[in-house]
Amino acid sequence: MSDRPIIVLVHGMGSHEPGEMTKTFVKAIDHTLTQIQGFKSKSIGDLAEIVEINYTGFLDEMRQKMADNAKQVGERLAGISLLQGHGLGQLTSKLNAFEQEFGSDEFFYTHWLDVVFYATLLGAKIRVDIGKKLATLVRDYMPEREIHVIAHSLGTAAVHDTLSQLYRGDFVADDEIPDLDPETHKLQSVWTIANVAALLNQVTNISNPYKSVVNPGDSGCAVYMANIRHRFDPFTYPCRFDPPNDGTWIDFDDYEAGYQLVDIDAVTQYNTHDFEHYLNNPKVALPLLRVILRVFPKPAERDVIFEKYRSNHLLGAASELKDAFKGLEVTDTGSLRAFLQIAKNFYGTVQGLKS
């Protein structure tokens, strides 16, 4: 049996072709990996087994039904059999309001509608699907092989909520959610990139990230946890996950040994929320390689890697983004409208700066 580590990727909002996230991940991480002695002709795709959990097909179907502007929202929702008998009136009213405010923007249907669906009726199915796949991997391959989970954007909320239910500790027979034990089924690492779990929890109230089992403590579900955010990614502004090292989240020793906050601010493209943009940064790629593959570059190699990366910085972009987001204030952090307003302002700013 192979002893290669298993990397599980979970995408964020928007439509993602199967395999697309894997290709992006391999390309970005290989760019850093191949600059390290002994790995110049290697690929993380060969050194680890990559498993992509893709829920795009399901949401694409929902998006397609919702994009039919010839019908009223209620009619479109009524055509989704999965929603029958689950409080359609409330969801119809909410989506009617959102569509009037944001529906003229293409991104509402291609990206933001995913967040609305996850935070309302369709999130349960996504969590069950992710949970079944993760539980199967854990039961089939642990403890012989390490399992690492990497989630981006909306995927961070879906992964957090799923893990909090998988490792919940209160076995419920005959339900759809498998049950795992934090002691015997502990994941090697969990990586949250552009973490919105705390923000979404304000809406869904499924599992508080500060009180859930998704942590690197003794009773947590992971050995190591990384929280990665970009200074100019506005999705990480409101309700950001920022656990203090004061013993209230996990104890001091576990925090020091198992938790890492990675704050980055370099800009190589205006869409700072982009998954690849995060991975291209050596401050993200090098810890990933260290934890997953035990790759430790020499100091001189690190210097070269960072110098090459700095040469790709967009001159003045950080200042432009800082000025553009100066007026972005989010007061109602417990609503989906706040998230959608951030998204609208952000992508409008990105398109303006690009042109």
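The values are calculated or read from the model by the stated rules, or taken from the named source; none is laboratory data. Keep in mind it's a predicted model, so treat the numbers as computed, not measured. When we count neighbours, we look across all protein chains shown, and the Cβ atoms used for this are built from the backbone with ideal geometry, even at glycine. Note: areas computed on protein heavy atoms with side chains; ligands, DNA, RNA excluded. Shrake-Rupley method; radii C 1.70, N 1.55, O 1.52, S 1.80 Å.
Can you work out the FRET efficiency for the pair His313 and Ser355, with r the C-beta to C-beta distance and R0 = 25 Å, to the nearest 0.05?
The formula returns an efficiency of 0.80 here.
So what's the back-of-envelope 222 nm ellipticity for the chain, counting only DSSP H runs of four-plus at -39500 (n - 2.57) apiece and dividing by all residues, rounded to 500?
One gets -13500 deg cm²/dmol as the mean residue ellipticity at 222 nm.
Can you list, largest first and rounded to whole Å, the semi-axes you get for region 212-257 by taking the square root of 5 times each eigenvalue of its Cα gyration tensor?
The answer is 22, 11, 10 Å, longest axis first.
Treating cross-link reach as a plain straight distance, find the lysines whose alpha-carbon is under 26 Å from the alpha-carbon of Lys354, omitting any fewer than eight places away in the same chain.
Result set, ordered by chain and number: Lys23, Lys27, Lys283, Lys308, Lys322, Lys326, Lys344.
Under a GNM of the chain (C-alpha, springs under 10 Å), which listed residue has the highest mean-square fluctuation: Asp246, Asp129, Asp114?
So, out of Asp246, Asp129, Asp114, the one fluctuating most is Asp246.
Over the chain, what percent of the accessible surface lies on carbon and sulfur atoms, probe 1.4 Å?
48 percent
Please give the peptides 311-318, 285-292 ranked by average Cβ packing (other Cβ atoms within 10 Å per residue), highest first, as a rough proxy for protection.
Going from most to least packed, we get 285-292, 311-318.
In the calculated pair distance distribution of the chain, what percentage of Cα-Cα distances lie above 31 Å?
Here the long-distance tail beyond 31 Å is 35 percent of all Cα pairs in the chain.
What percent of all Cα-Cα pairs in region 166-279 falls in each 5 Å bin, counting up from 0?
The distribution over region 166-279 is 2, 11, 18, 20, 19, 15, 9, 4, 1, 0, given as percents.
Solvent-accessible area per residue for the chain at a 1.4 Å probe radius, Å²?
Averaged over the residues of the chain, the accessible area is 44 Å².
Output the Kirkwood hydrodynamic radius of region 237-355, Cα pairs only, in Å rounded to one decimal.
Computed over Cα pairs of region 237-355, the Kirkwood hydrodynamic radius comes out at 17.1 Å.
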